[in-house]
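Report on the structure given below.
The values are calculated or read from the model by the stated rules, or taken from the named source; none is laboratory data. Predicted, not measured: the structure shown is a model, and the values here were computed from it. All Cβ positions, even for glycine, are placed from backbone atoms using ideal geometry, and neighbour counts span all protein chains on display. Just the protein is used for accessible areas: all its heavy atoms, side chains included, with ligands, DNA and RNA removed. Shrake-Rupley method; radii C 1.70, N 1.55, O 1.52, S 1.80 Å.
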Amino acid sequence: MDLERSWNEQGFFIKRGLIDEDEVAAIEAEIVAAIRADPPRNHGGERLYPTVDDLLIYPEKSPSPAARNPEDYIAKVFNGHCVGTAKAIATDPRLTDPLAPLLGANLDCFQSQFIFKNPGVIGQPWHQDSYYFRYDRQPQATVWVALSAATLDNGCLWVVPGSHRAHEVFDHVPDQRPESLQGYLEIVSQDTSMEEPVLMEPGDVLFFHSYLMHRSTDNIADYRRSAMVYHYAENGTQPIDALAAATLAPVNRWMPARRAATPLSA
């Protein structure tokens, strides 16, 4: 199945081995170094704290029982697409060119998350990214770069193929688990019986529609699952209202990611 057809019918596609091993290692090493340079203990339990590089570091509410190093206490790091190797990958044609037929030739990366899934931490329940991204142009695209293996044991993503074809954002309700991170919501009104896991190796890249229902499971393994996740929208996209703008502003950093080639003058 070609990529555009898979996007339209399934809501996602995977490009295996798209990112090189040294690039994968560099992204993780740079994020870990930033955390170690300014660890959570310096911030008195703040749920979201900034670093000098404009990274926003988000600790786990209930850290891994095996936590020893500063990064073992972290759930997510926002804004990685603004610095270092992660920034170079955000604008790389390997990621942006496949999106051009889907979203348009002029694309911006507006948010990114480095996601740690350390041993023993919980997953995120069923949701759609468009629930959080209240913009005037829909859909957006999520590009999920595996930095480690994503397995059934360490909490890989699961998707409901074709769930994006409803062309709507479903009702989301608060995640009631005590360990749940702030902002975690879940879809409980839809049939998820057709779910399937997305198993990945380092360097594999999952591209998916922002209406696609997806979740992750708990990490019951003794090793971390890590990923660099980019969110893209058509250039010119705006929040639907002032409330959406205020809500999105803390974790959004808009950056040009792809532009159509300028035609040669006659």
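Just one of the listed residues (Asp153, Asp108, Asp92) is at pLDDT 95 or above, farther than 22 Å from Tyr184 by Cβ, among the charged types (D, E, K, R) and open to solvent by 20 Å² or more (accessible area, probe 1.4 Å), namely Asp92.
Residue under question is Met255, and the condition is that it be modelled with pLDDT of 95 or more and surrounded by fewer than 21 Cβ atoms within 10 Å (Cβ to Cβ); does it hold?
Working: modelled with pLDDT of 95 or more: yes; surrounded by fewer than 21 Cβ atoms within 10 Å (Cβ to Cβ): yes.
So Met255 fits the description; yes.
Which pairs do you get when a residue that is under 19 Å from Ser210 (Cα atoms) and modelled with pLDDT of 95 or more, found in region 1-29, comes within reach of a residue that is outside any helix (DSSP H, G or I) and open to solvent by 60 Å² or more (accessible area, probe 1.4 Å), reach meaning Cβ atoms under 9 angstrom, with the pair 6+ apart or on two chains? Qualifying pairs under 9 Å: Glu9/Met1; Gln10/Met1; Phe13/Met1; Phe13/Asp2. The condition (being loosely packed, with under 14 Cβ neighbours inside 10 Å and modelled with pLDDT of 90 or more) is satisfied by just one residue among Asp72, Asp97: Asp97.
Apart from one condition, Asp54 fits all of (1) surrounded by 15 or more Cβ atoms within 10 Å (Cβ to Cβ); (2) touching a residue at least 24 places away in the same chain (Cβ under 8 Å); the exception is (1).
Report, by residue number, each residue of region 1-21 that is in a helix (DSSP H, G or I) and under 19 Å from the mean Cα position of the chain (by Cα). Trp7, the sole residue that qualifies.
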